[in-house]
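Worksheet: one structure, shown below.
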Amino acid sequence: MAGDKYPKLVVTPHGELTAPAWLPDATRAVVRCVDSHDMRECGVSGIVTSAFHLIRQPGINAITAAGGLHGFMSWQGPIVTDSGGFQAYSLIRQNPKQGSITDKAIIFRPDDGDKLILTPEKSVQFQFRCGADIIVCLDDCTHPEDPLDTQKESVARTVQWAKRCKAEYGKQLASRRLDDDKRPLLFAVVQGGNSQDLRRECAARLLEIGFDGYGFGGWPVDEEGNLVLDSLALTRELIPAELPMHALGIGHPVSLVKTSKMGYTIYDCTMPTRDARRKRLYAIDTARVSVGGSHKDWFDIVYLQDEKHGRSTGPIDAQCDCLCCKNYSRGYMYHLARIDEASFDRLATIHNIRCMVRLTQRIGQA
Ligand SMILES: [Zn+2]
């Protein structure tokens, strides 16, 4: 559905991502309840991991001992490593006791672990050592409703940090002597909250430094829970159409379809897999997907705790070809959920992941 001017593919050292690519969040080097084999079977093209979480556990030595994240988790497709900027937002900005953010670094003091100092340089070094395919610059993430001064500070810091990330990236490339087709891509994140001026300023200054791709940064929903569509559209327009863009943290089916015409290349979101564990299973009529109409025409949620499913012999979604839908009925899944069986979480997660893959394939073809 996106226009021809936007990139159809992002080529990485471990393969291609076809737009729009929805990547599950393997935050701690695993997508909860499924393994890398399950994801391959679902048709997942790439995953997103978190530098912040992996530095803490298992630590870089366990990952490099396996030759990087690909070997560690037996995943041969593209891996995006998020920098840690988002975790700073979710942990520190919402609870200053958990650490502090200065121009020099992010200092995490989590309740459940050791102090961690994350500088832009350290974040890039770590992502290199993980063997990432797409490295994301450390950024200073905000909420759209944060005051203007906070947004200004975030943009200034994000640009400075992006400069330092690019310099460190250059050093790493030189010392590793990586050929162009082996080098990871470097993405920078555009901040600025809901201020159009700040988004413009941030995008312009990042473009001056020059990156392989860009991300839409900041908490993506406002206080009323609405996706910040105007900011998303504007930010995409600020980046040249031929460069790929990652809508960070966005990837609920309805959000993905709503933004699909804007030209975003990559999406990631924990919601589809979290919904699966919460017994909220997706039913997507891919043939009826439309940007303009109501999502109710093509998207439904099967609430599996609902007793009415107990005697149902049909699959969760008649259109779905996943392991769950091909083999098991709603009635059986309802039973597994009732007895709190671990295989429910796996099958449900496989189903929602497969729905996301089918949805993105459909959008990509349209
Ligand atoms: Zn299914």
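The values are calculated or read from the model by the stated rules, or taken from the named source; none is laboratory data. Remember, predicted model here, so these are calculated numbers, not experimental data. Heads up, the Cβs are rebuilt from the backbone with ideal geometry, glycines too, and the neighbour counts pull from every protein chain shown. These area figures cover heavy atoms from the full protein model, side chains too; ligands, DNA and RNA do not enter into them. Shrake-Rupley method; radii C 1.70, N 1.55, O 1.52, S 1.80 Å.
Only residues that are open to solvent by 70 Å² or more (accessible area, probe 1.4 Å) and part of a loop (DSSP other than H, G, I, E, B) were counted across segment 1-13, and they come to 3. A count restricted to segment 151-162 and to residues that are of a type outside the set (Phe, Trp, Tyr) and open to solvent by less than 30 Å² (accessible area, probe 1.4 Å) stands at 7.
Scanning segment 287-340 for residues that are away from the ligand (no atom under 12 Å from the Cβ) and among the β-branched types (Val, Ile, Thr) returns VAL289, VAL291, ILE301, THR313, ILE339. Taken as a whole, the structure leaves ILE266 outside the set of residues that are among the hydrophobic types (A, V, I, L, M, F, W, C), in contact (Cβ under 8 Å) with a residue 60 or more places away in the chain, within 23 Å of GLU41 (Cα to Cα) and near the ligand (Cβ under 10 Å from one of its atoms). Of all residues in segment 352-366, those that are farther than 15 Å from ASP285 by Cβ have Cβ atoms under 7 Å from Cβ atoms of residues that are within 11 Å of the ligand (Cβ to nearest atom) and modelled with pLDDT of 95 or more, 6 or more apart or on another chain, in ASN352/ALA276; ASN352/LEU281; ASN352/TYR282; ILE353/CYS42; VAL357/CYS42. The strands (runs of 3 or more DSSP E) found entirely in segment 230-335 that carry 3 or more residues being surrounded by fewer than 20 Cβ atoms within 10 Å (Cβ to Cβ) are 299-303. Would you say ILE363 is in contact with a strand residue (DSSP E or B) (Cβ under 8 Å, 6 or more places away or on another chain) and away from the ligand (no atom under 12 Å from the Cβ)? No; evaluated as a whole, the condition is false for this residue.
For the structure I just gave you, tell me whether ILE350 is within 16 Å of the ligand (Cβ to nearest atom) and within 30 Å of SER50 (Cα to Cα). Outline the logic, then answer.
Numbers: within 16 Å of the ligand (Cβ to nearest atom): yes; within 30 Å of SER50 (Cα to Cα): yes.
The answer is yes for ILE350.
Taking residues in segment 314-334 that are farther than 16 Å from ILE284 by Cα, and partners anywhere that are within 6 Å of the ligand (Cβ to nearest atom) and among the β-branched types (Val, Ile, Thr), the pairs with Cβ atoms closer than 9 Å and at least 6 places apart or on different chains are TYR328/ILE316; SER329/ILE316; MET333/ILE316.
In segment 129-144, is there at least one residue being at pLDDT below 95, outside any helix (DSSP H, G or I), under 25 Å from ILE107 (Cα atoms) and open to solvent by 40 Å² or more (accessible area, probe 1.4 Å)? Within segment 129-144 (the criterion being at pLDDT below 95, outside any helix (DSSP H, G or I), under 25 Å from ILE107 (Cα atoms) and open to solvent by 40 Å² or more (accessible area, probe 1.4 Å)), the answer is no, since none of the residues qualifies. Scanning segment 22-68 for residues that are under 30 Å from GLY364 (Cα atoms), surrounded by fewer than 16 Cβ atoms within 10 Å (Cβ to Cβ) and in contact (Cβ under 8 Å) with a residue 60 or more places away in the chain yields GLU41, GLY43.
For segment 179-206, the tally of residues that are within 22 Å of the chain's Cα centre (by Cα) and open to solvent by 40 Å² or more (accessible area, probe 1.4 Å) stands at 2.
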